[in-house]
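The values are calculated or read from the model by the stated rules, or taken from the named source; none is laboratory data. Remember, it's a predicted structure, so these values are computed and weren't measured experimentally. Counting neighbours? That spans all protein chains shown, and the Cβs are built from the backbone with ideal geometry, glycine included. Remember, those area values only see protein heavy atoms, side chains included, never the ligands or the DNA or RNA. Shrake-Rupley method; radii C 1.70, N 1.55, O 1.52, S 1.80 Å.
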Amino acid sequence: TAAKSMTATAYTTGYGGVGTRTASGTTVHVGTVAVDRKVIPLGTRLYIVTNDGFVYGLSVAEDTGVRGSKVDLYFDTYEECINFGRRGCTVYILA
């Protein structure tokens, strides 16, 4: 299992032009992660834990829209996104 140190941010539908469809054609849901496909290929299974102990858990790289070593984690509400903010995290690549 490869592990990458990355920065995690949060997103939800209805803000910043985000719709309900991902770049992969799936519907966004908790467990959907936006990645830079040069860093993590779409379809990659991930397990994400922030450096302060928040476990986002099992997820799939299904969306794009970030650049470099960042992941954007989908949450159901805007409030959850604001509470999450920006955090350092470890992204485990499950292949």
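Residue by residue through the stretch 11-23, note down the ones that are outside any loop (DSSP other than H, G, I, E, B) and in contact with a helix residue (DSSP H, G or I) (Cβ under 8 Å, 6 or more places away or on another chain). Listed by number, the list holds a single entry, Tyr11. Scanning the stretch 63-77 for residues that are within 18 Å of Gly14 (Cβ to Cβ) and either modelled with pLDDT of 95 or more or buried (at least 19 other Cβ atoms within 10 Å of the Cβ) (or both) returns Asp63, Asp72, Leu73, Tyr74, Phe75, Asp76, Thr77. Note down all Cβ pairs under 8 Å where the first residue falls in the stretch 80-94 and is within 15 Å of Thr7 (Cβ to Cβ), the second is at pLDDT below 95 and not hydroxyl-bearing (Ser, Thr, Tyr), and they're at least six residues apart or on different chains. Matching pairs, first to second residue: none at all. The number of residues in the stretch 1-23 being touching a residue at least 60 places away in the same chain (Cβ under 8 Å) and either open to solvent by 40 Å² or more (accessible area, probe 1.4 Å) or not aliphatic (A, V, I, L, M) (or both) comes to 11.
For first residues located in the stretch 24-43 and outside any loop (DSSP other than H, G, I, E, B), partners that are among the aliphatic types (A, V, I, L, M) and surrounded by fewer than 13 Cβ atoms within 10 Å (Cβ to Cβ) and lie 6+ apart or on another chain with Cβ distances below 8 Å do not occur. Annotation note: Cβ proximity below 9 Å between a residue of the stretch 50-70 that is free of Cβ contacts under 8 Å to residues at least 12 places away in the same chain and a residue that is part of a strand (DSSP E or B) and of a type outside the set (Ser, Thr, Tyr) (sequence gap 6+ or interchain) occurs for Val55/Ile48; Val55/Val49.
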